[in-house]
Every structure is written in C-alpha cells, then in structure tokens.
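**Student:** Okay, handing you the structure first.
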Amino acid sequence: MYYYLLLSGNFQYSIDETWEMINHQFSPELIRDRSRWKTQEIWPNNQELKQLAGRKLFLVCNPLWNDHMIDVNHSISDNTYKILLYAPLKLQLRMAWEKRAYWFTDISRQTFAAPVSDRKYIRWILQNSAQYNGTTVDPQIPDIIKQFVPERILRLEEFVTGTANTDQRQFLNRWTSLQSKKALNLMTL
C-alpha cells in the first residue's frame, strides 16, 4: 500500500523516484526466490521524514513489535491520517512464511519462542488468532486498532482489486505477479 499511495504523486517522492524504489524492492527475481523479499526492502526514515515540511507518507509495519517501537510508532502516527491494511490470517501466514518475514525472521522466532518445526509454529499462531470483521486475523489486529485508531481499515484483497491510476495498477500487477499461486488462491485473485 505504501508504494501504491506514493504513486498518487501526492507525497514526498516523485513518481519516477517511487518507480526506482519499486524496481529495486520488487525485482522479478523474487518470483524464483521469495526468501530474498526482506533483503530488498526499502524503508523510509520516518523520524527524519516527520521533521520535513509538506505532505508525507509514513510506513509503519508491526506497530506493536515491542514497547520501544510502540512509543516510536505512536509519535510518528500522532496527528496523521492512519490506514491499516490487514489480511486474513491464513493469507498473511502464507506470504510471511514464503518471504521469511514477520513471524519467520530469526529475531521473531526468538522473540516468540517459536518451536523449531514450522508446522507446530503455524498451528500455534492459528490457535492464538483473533477475529475482526468476520475474518480470522493476526492476534494483534484488534490491539492495533484499539491503540492506533486508524481512520481507514482495508482488507488486502479489497485493496488489490480497488480503483487505481495507471501507475498504481501497473504496480499492483507487478506485486501480484510476484505472489505464489497458493497466496493468490487465498486472495481469490
């Protein structure tokens, strides 16, 4: 969603600068090796960005990661329009597992005291799920909503198939093309 919104041309980066970042982060090689997904991420420096004048877009992921990050994320999100993008838990698990992201990074596995077996770990995550809007979700979603009070909450599948300008649609097509068939099936795309 971050790059999609940047491609509106209304924030800190031009459309050309945004495409440079997209081309780096979402290279076609990721289709062959999704575990490299995290190694190509580009993150804005939200702290520096907060100090700049003009319209800007911040990126916050896993806002409840730890006590320090909760405070940092609250300071970044204060006086901003907040959007929460979420996915059904099985889809989120599939994409995180394939990309070795969130629950499946080394630090996360250690933090969550994950079992060695992915199967047991996934079962544990599913057993600790929450419900939001009739959907089984990451257990932190209700707490994120309560703490950050987003003005807009979007489900991933609705976002991917929504209205878009030409650049945004091109980006969504690229992002979708990098997903596995199993993930796309879970998105019903």
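Bear in mind that the values in this text are calculations on the coordinates, not laboratory data. Here the structure is a predicted model, which means the values were calculated and not measured. Glycine also receives a Cβ, built like all others from the backbone with ideal geometry; neighbour counts cover every protein chain displayed.
**Student:** With r as the distance between the Cβ atoms of HIS68 and ASP106 and R0 = 25 Å, compute the FRET efficiency 1/(1 + (r/R0)^6) and round to 0.05.
**Tutor:** 0.85
**Student:** So who's got an amide H within less than 5 Å of the one on TYR132, skipping anything under 5 residues away but keeping other chains? H placed 1.01 Å off N, in plane.
**Tutor:** VAL137
**Student:** Compute the relative contact order of region 89-189 as a whole-number percentage, counting only Cα pairs closer than 8 Å that sit 6 or more residues apart in sequence.
**Tutor:** Relative CO of region 89-189 lands at 28 percent.
**Student:** Once phi is turned into ³J(HN,Hα) by the Karplus curve 6.51 cos²θ - 1.76 cosθ + 1.60 with θ = phi - 60°, what whole-Hz value does each residue of region 93-102 show in order, with x for glycine and proline?
**Tutor:** Karplus values, whole Hz, x for Gly and Pro: 4, 4, 5, 5, 5, 4, 9, 6, 10, 6.
**Student:** Residues with amide H under 5 Å of LEU154's amide H, sequence separation 5 or more or different chain, H placed in the peptide plane at 1.01 Å from N; which?
**Tutor:** Result for LEU154 returns LEU84, LEU85, TYR86.
**Student:** Could you sort 109-119, 57-67 so that the peptide with the highest average Cβ count within 10 Å comes first and the rest follow in order?
**Tutor:** The most tightly packed comes first, giving 57-67, 109-119.
**Student:** Further, regarding this structure: Once you order the gyration tensor axes a ≥ b ≥ c over the Cα atoms, which shape class does region 129-189 get: rounded for a/c under 1.5, otherwise prolate or oblate by comparing a/b with b/c?
**Tutor:** Oblate.
**Student:** Under 20 Å from a point 7 Å along the Cα-to-Cβ line of ASP143: which residues of region 18-62 have their amide N that close?
**Tutor:** What the label zone holds, given the 20 Å backbone N cut-off, is 60-62.
**Student:** Another question, if that's okay. Test of understanding: ordering MET1, MET187 by Cβ neighbours within 10 Å, fewest first, what list do you get?
**Tutor:** MET1, MET187
**Student:** Around ILE42, under 13 Å between beta carbons, what's the net of Lys plus Arg minus Asp minus Glu among the other residues?
**Tutor:** Net charge around ILE42: -2.
**Student:** Along the principal axes of its C-alpha atoms, what lengths does region 2-187 span, in descending order and rounded to whole Å?
**Tutor:** So the three principal-axis extents are 46, 37, 31 Å.
**Student:** Give me the one-decimal nm value for the distance between modelled label points at SER14 and LYS181, 7 Å along each residue's Cα-to-Cβ direction.
**Tutor:** Distance between the two pseudo-spin positions: 4.2 nm.
**Student:** Shifting gears a bit: Lysine pairs, Cα distance under 16 Å, 8 or more residues apart or cross-chain: how many in the chain?
**Tutor:** Lysine pairs satisfying the spacing and distance rule in the chain number 10.
**Student:** May I pose another question? From Cα pairs below 8 angstrom and at least 6 apart in sequence, can you work out the relative contact order of the chain, rounded to a whole percent?
**Tutor:** 27
**Student:** A further question follows. For THR163 and ASP33 in one chain, what is 0.36 nm times their gap in residues minus the Cα-Cα distance, to one decimal in nm?
**Tutor:** 43.8 nm
**Student:** Once phi is turned into ³J(HN,Hα) by the Karplus curve 6.51 cos²θ - 1.76 cosθ + 1.60 with θ = phi - 60°, what whole-Hz value does each residue of region 62-69 show in order, with x for glycine and proline?
**Tutor:** Per residue, the Karplus-derived 3J(HN,Hα) values read 6, x, 9, 3, 8, 4, 4, 5 Hz.
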